[in-house]
1. Name the residue from T246, P270, L627 whose Cα lies farthest towards the positive end of the charge dipole of the chain, charges +1 on Cβ of Lys and Arg and -1 on Cβ of Asp and Glu.
2. Charges only on Cβ, +1 for Lys and Arg, -1 for Asp and Glu: so what's the dipole of the range 5-159 about the Cα centre, in debye to the nearest 20?
3. Might you work out the accessible area of D761 for me, using a 1.4 Å probe with all protein chains in place, and round it to the nearest 10 Å²?
4. Go through the range 505-510 residue by residue and turn each phi into a ³J(HN,Hα) via Karplus (6.51, -1.76, 1.60, θ = phi - 60°); whole Hz please, and just put x for glycine and proline.
5. Rank these by accessible area, largest first, 1.4 Å probe: V238, V662, V763.
6. Among the trypsin sites (Lys or Arg not before Pro) in the range 589-665, which ones are in a DSSP loop with at most 12 other Cβ atoms within 10 Å of the Cβ? Mind listing them?
7. Straight-line reach only, C-alpha to C-alpha below 14 angstrom: list the aspartates and glutamates that K655 could link to, leaving out same-chain residues fewer than 8 apart.
8. In debye to the nearest 20, how big a dipole does the chain give about its Cα centre with +1 on each Lys and Arg Cβ and -1 on each Asp and Glu Cβ?
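The values are calculated or read from the model by the stated rules, or taken from the named source; none is laboratory data. Because the structure is a prediction, the values reported are computed rather than measured. Please note: Cβ atoms are built from the backbone with ideal geometry, for glycine as well, and neighbour counts cover all protein chains shown. With ligands, DNA and RNA removed, areas are computed over all heavy atoms of the protein, side chains included. Shrake-Rupley method; radii C 1.70, N 1.55, O 1.52, S 1.80 Å.
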Amino acid sequence: MPHVVGLEEVSQADRALAGGKACGLGELVRRGLPVPPGIVVTTEAYQAFVDSSALRELIPSVLGRIDPSKPESFEAASRELLAAFEATDFPPALHQEIASAFERYVADHHVAFSAVRSSATAEDLENASFAGLQDTYLNVAGVDAVLHGVRSCWASLFTTRVLVYRARQGIAHDGLRLAVLVQKMVNSTASGVLFTRDPNTGENRIIVEAGWGLGAPIVGGEITPDHYVVDGASQKIVHKQIAEQTFRLVRDPAGASVREDVPAADRSRPKLSDDSIQRLVSLARLIESHYRRPMDVEWCIEGTLPYIVQARPLTGPAARPSGEGTPTAVGAAAPGPTPGAASPPAGVEETPLLKGLGASPGLVAGRVRRLLRVEETTQLQPGEVLVSPMTTPDMVPAMSRAAAIVTDEGGMTCHAAIVSRELGIPCVVGTRTATRVLSDGQEVSVDGKMGTVYAGRARAERARLPAAAPTGGATADFGVPVTATKIYVNVSVPEKAVEYAQLPVQGVGLLRIEFIFTAHVREHPLSLIRQGRSGELVDRLADGIGQVCRAFFPRPVIVRTSDFKTNEYSGMPGGAGVEPSEENPMIGWRGCSRYISPEFRPAFLLELDAIRKVRTEMGLRNAHLMLPFVRNTWELEQVEEMLREKGLRRSRDFKLYLMSEVPSTVLLARDFSKHCDGFSIGSNDLTQLVLGADRDSETLGRMGYFDERDPAVERAIELLIEGAHAEGRTVGICGQGPSVYPEFAEFLVRAGIDSISLNADTVVTTTRTIAALEQRMKLDGLRKG
């Protein structure tokens, strides 16, 4: 096996040889993405180095003496092994082989400076990123410096922080090996990290964080970066939070990485233009499409050119298959209610002591322990809230004991945030003043989802919830009453299905297939068809749908076929030359009108192929179908013919539902009922078309025009329910209206709605509201009787 290979030669199949980081980047080089060139000193070279010295016997002997119950045993083992690596020389033949390969790489790619980066076989995994834990050296020049960096990277397999992290993640110490990636250094003007999903919730939002200069201060949590949010479906930038940056890390003329002050004019200036954000998002979409999972991507820009310097699976709650490990109650230091911890008076909202960025979800309480230096971490007691200017990789042993983490600096993408999410510890970063506002011993509640810190334990006490069910096949005991109105849940990302399946719901009322497109396919379907990749499209859609159906089986999952509008489709790779330009896409070529058009019909048939594959090949016959934006019955007849063509016929175990968004489905409900098993009200579209109020108009929204509680909208809903029930068809609704407006929920229940599909975070509270309404209606009926 080779001791040195080119980065372009490795792929995911070579993880055992090249490690996680190098394999991930090698895949992207092969896809033609902008990745700096490099060479990989393989795990075979590591093994040759170890086998040629006393390390071969020493490593297993020292690791065998670690007692997980004694933190000091990790430190003792680390000291001994690090000293042994430092004292071990390269075998002459291995030294020459690495040096020769390095010199060829320098000549071929005109390299002045390199980054020497660890690439372990057990890093960049779906449940363990090892973010920032193993060593990296920047701006390295010359053979001797590179060889020293390689040896130091190998030794970093055995730092205290890595030993503790592996133990906490259940990864065995034996058998691990480490490759080293030597890569051309990019002289970054700006750099940062991008998540292709919201790492806390799994929502289809792309998170981009950026800072001036090299990326080490961002991932190390030394600065609070700019924070940009891009909607995954529309690709629109929906949020910008610009942070002041007073210093940056740059390369000086001698090649050293040095700190310099950011010029005053640039300190509060956005690090990225909208165009740069969109270019990074386009690259990220390609990366996620390639790996078919949410990704954590490190990037940098030199001049105007973006480069990808790391791509690994997103870890933490967004990638976790269930709700395991996310605290939703009082932490270890809070075994029970605190005497005198009363709730605030009704109607009074608590004011947080601190507001930062929610970096790892969960709500816990504990006593504050301020740690201003790494040397102080031994003071942290289990269950305390770690408060620090920033966290470093050396703080991981202490982080694993903390109930929560709060920092002055840092962003959602810094290593502290990533590791917190993996460990299931609530984390709030970028508060700016935590170490000054909070004091040792002070009791606080930390809300890692909202990014807030409150005085006292009361807020966490009130959030105490029942434990989650052990598997996704059964619901958890949330203590909610049974309702006559069926309660379903909306699922936006398949990766959250197992967690949502624990909720007290009767199935999935809305699984939008376009979210699977944007997260798992990431390319216009007609473009894939032109490339001869129809089978790939079907497989990816079926995988995403099947993931949800499997989690909820045998409860029904209603899959809504795609409802992209032209402006949304045109933003997808391969869509620009296919989609027409429309003045008003909201009422343009969308929904069923696409399916029956000669241009889009082949793509819709592939969606049906995916549904059929889920039901037949996967055996998940709880998958049902719903059609969006139906305008009239004649287009529906054509769609029904396509369904029959694919063997999808309405029966006892295959239901066809229609979205009621266009008023024609209300006015002719009895006619439409002959073609379906039920309706689901799309309240946003129905409201805008009944009231003639653009749902995207901020002006009309502020003026109160767009409101599903408008009497005209409510009358339309009543007419639909009356017409559908007359034909023996069911009517449901999917959306936030019943959750946000209790009076709207009451109207729906009194009108005879059969089911309500809710966002996951509102299921429990809204179910209780509906149960109370039904009970009150029953009592009212008894009184009248």
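1. With unit charges placed on the Cβ atoms, the residue in question is L627.
2. Working: 11 positive and 21 negative charges, 40 e Å.
Magnitude of the dipole: close to 200 debye.
3. Looks like 120 Å² after rounding.
4. Karplus-based 3J(HN,Hα) across the range 505-510 equals 10, 9, x, 9, x, 7 Hz.
5. Details: V238 90, V662 20, V763 0 Å².
Highest to lowest solvent-accessible surface, that is V238, V662, V763.
6. Details: sites: R590, R594, R612, K613, R615, R621, R631, R644, K646, R649, R650, R652, K655; in loops: R590, R621, R631, K646, R649, R650, R652, K655.
The qualifying sites are R649, R652.
7. E640, D677
8. On the way: 84 positive and 96 negative charges, 332 e Å.
I would put it at about 1600 debye.
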